[in-house]
Amino acid sequence: MIFYLTYNEAPSGIFSSQVIDVVKFIETNCNTKIKLVSFISLRGFSSAKQKIKNELPGAIVLPMFPKMNNWSKNKLLLSLYCKLYQPKMIIARSVMASKLALLMRNNKNCDRFVYDGRGAIAAEWHEYKVVTDEQLLKAISVYEKEVILEADFRIAVSNALIDLWKHSYTYSKNDHVVIPCTLNSDFENVKISREKISEKRQQLNLNETDTVYVYSGSVAGWQSFDILFSFIEPILKKSGDNKIVFFSPQNSNLDQLQKLFPAQVIRKHLNSDQVAQYLIVGDFGLLIREDSVTNQVASPVKFAEYLACGLKVIISQKLGDYTELAEQKNWGYTYNNFNSSVLKPGIDIKQNISKEAINFFSKKNYLGQYKQLLSS
């Protein structure tokens, strides 16, 4: 038995694709019994628990002890479930879950602990005020170093993250695999055709001749709206046939942009299960973020999702491993080198990009890495 442990992560589209789908994939493809164990906030606990259980009935969903700085008080409840199920290994997602997993291993409640590194956590907390508790902010770098160095094995979402571990935390081993954020089944099953693109464009009042730029997701925090605005404004001014579609929640920044270009800025807020159906309307997907440590080691799943839907990606410099990958595979352009006169991709190119990306970012492409960490 293996536990996959998360801490203070509420159910969401990302949780479904990067946690629940991973647990299902390991159980189905690695001949391994694995159980999701999620500590979640007491706020809205019943509703959140039901959402997780609806997708993964066998999941263990537990109430977190209030306040993040009381993380260690959850060890008693976790140890009870360890005694009940006797997991040989705990794969812990990010730093705080890993602190609990490390306690379990050191107290002989499991044999091995795998650190699932989702990014530069200490940097993210400080750069984007993810946590405001001063005690935790002071401790997070120490915690991150400890779980990286003390883990029996490690998962990283990018090679850039491994480099950060080496330079910032003196990590010198080779006991790791790199598994980027992978696609969920909605995107793995995307079919690109003129008819489907035309149908969705009509629903959004887009013309066949329009060149369509797409932004999917939040425009808050690390998504760097000011940089995105400076990129898209001259493109929209250049031609009325240039359009941008935001699949984003309501936001004052978007209100202002839409007032400036009322006929060229389209907004539609989507549920997570609708995104794959609508992204195909675009020609170019925007993944423009500021130069921060968080972004330099990131593996944004939007990169894979844009490509799976046949879009070429316009990307920041030094965005995880993906800036270099986009150039190597002709999957896109860095935003500061992009020329808006470039021809938009035709249907053949879109279909080819989609096929390549689905192969590259499917979980099955990383089956060897999953088997390696399970046998470590």
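Residue by residue, here is whether (1) without any contact (Cβ under 8 Å) to a residue 12 or more places away in the chain; (2) assigned to a helix (DSSP H, G or I); (3) within 23 Å of SER16 (Cβ to Cβ) holds:
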| site | (1), (2), (3) |
| --- | --- |
| HIS269 | no, no, yes |
| ASP273 | no, yes, yes |
| ILE280 | no, yes, yes |
| GLU290 | no, no, no |
| ASN295 | no, yes, no |
| ALA304 | no, yes, yes |
| LEU307 | no, yes, yes |
| LEU319 | no, no, no |
| GLU324 | yes, yes, no |
- List pairs: first in segment 226-254 and in the same structural domain as SER272 (by TED's automatic domain parsing) and modelled with pLDDT of 95 or more, second of a type outside the set (Gly, Ala, Ser) and part of a helix (DSSP H, G or I), Cβ under 6 Å, 6+ apart or cross-chain? PHE231/TYR335; ASN242/ILE235; ASN242/LEU236; ILE244/ILE232; PHE246/LEU254
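Looking only at residues in segment 177-202 that are outside any loop (DSSP other than H, G, I, E, B) and without any contact (Cβ under 8 Å) to a residue 12 or more places away in the chain, which one is surrounded by the fewest Cβ atoms within 10 Å (Cβ to Cβ)? Break it down into steps so the answer makes sense when it comes.
In the first step, residues of segment 177-202 are kept if they are outside any loop (DSSP other than H, G, I, E, B); the result is 177-178, 185-188, 194-202.
Restricting the remaining residues to those that are without any contact (Cβ under 8 Å) to a residue 12 or more places away in the chain gives 195, 198-199, 202.
Numbers: GLU195: 8, SER198: 13, GLU199: 13, GLN202: 12.
Of everything passing the filter in segment 177-202, GLU195 is surrounded by the fewest Cβ atoms within 10 Å (Cβ to Cβ).
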- Message: Looking at segment 158-175, can you tell me whether even one residue there is crowded, with 16+ Cβ neighbours inside 10 Å and either at pLDDT below 95 or touching a Pro at 6+ places or on another chain (Cβ under 7 Å) (or both)?
- Response: yes
- Tell me, please, whether a residue that is touching a residue at least 60 places away in the same chain (Cβ under 8 Å) and under 29 Å from LYS302 (Cα atoms) can be found in segment 76-88. no
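Pick from SER376, SER354, SER340: which is assigned by TED's automatic domain parsing to the domain that holds ASP241 and either exposed (fewer than 13 other Cβ atoms within 10 Å of the Cβ) or not in a helix (DSSP H, G or I) (or both)?
On the way: SER376 fails: assigned by TED's automatic domain parsing to the domain that holds ASP241; SER354 fails: either exposed (fewer than 13 other Cβ atoms within 10 Å of the Cβ) or not in a helix (DSSP H, G or I) (or both).
Among SER376, SER354, SER340, only SER340 is assigned by TED's automatic domain parsing to the domain that holds ASP241 and either exposed (fewer than 13 other Cβ atoms within 10 Å of the Cβ) or not in a helix (DSSP H, G or I) (or both).
Being surrounded by fewer than 18 Cβ atoms within 10 Å (Cβ to Cβ) and free of Cβ contacts under 8 Å to residues at least 40 places away in the same chain is the filter; apply it to segment 1-26 and report the residue that is nearest to ASN74 (Cα to Cα).
Once the filter is applied, the top-ranked residue is ALA10.
The values are calculated or read from the model by the stated rules, or taken from the named source; none is laboratory data. Keep in mind that what you see is a predicted model, and the values were worked out from it rather than measured. So basically every Cβ, Gly included, is an ideal-geometry build from the backbone, and we count neighbours across all protein chains shown.
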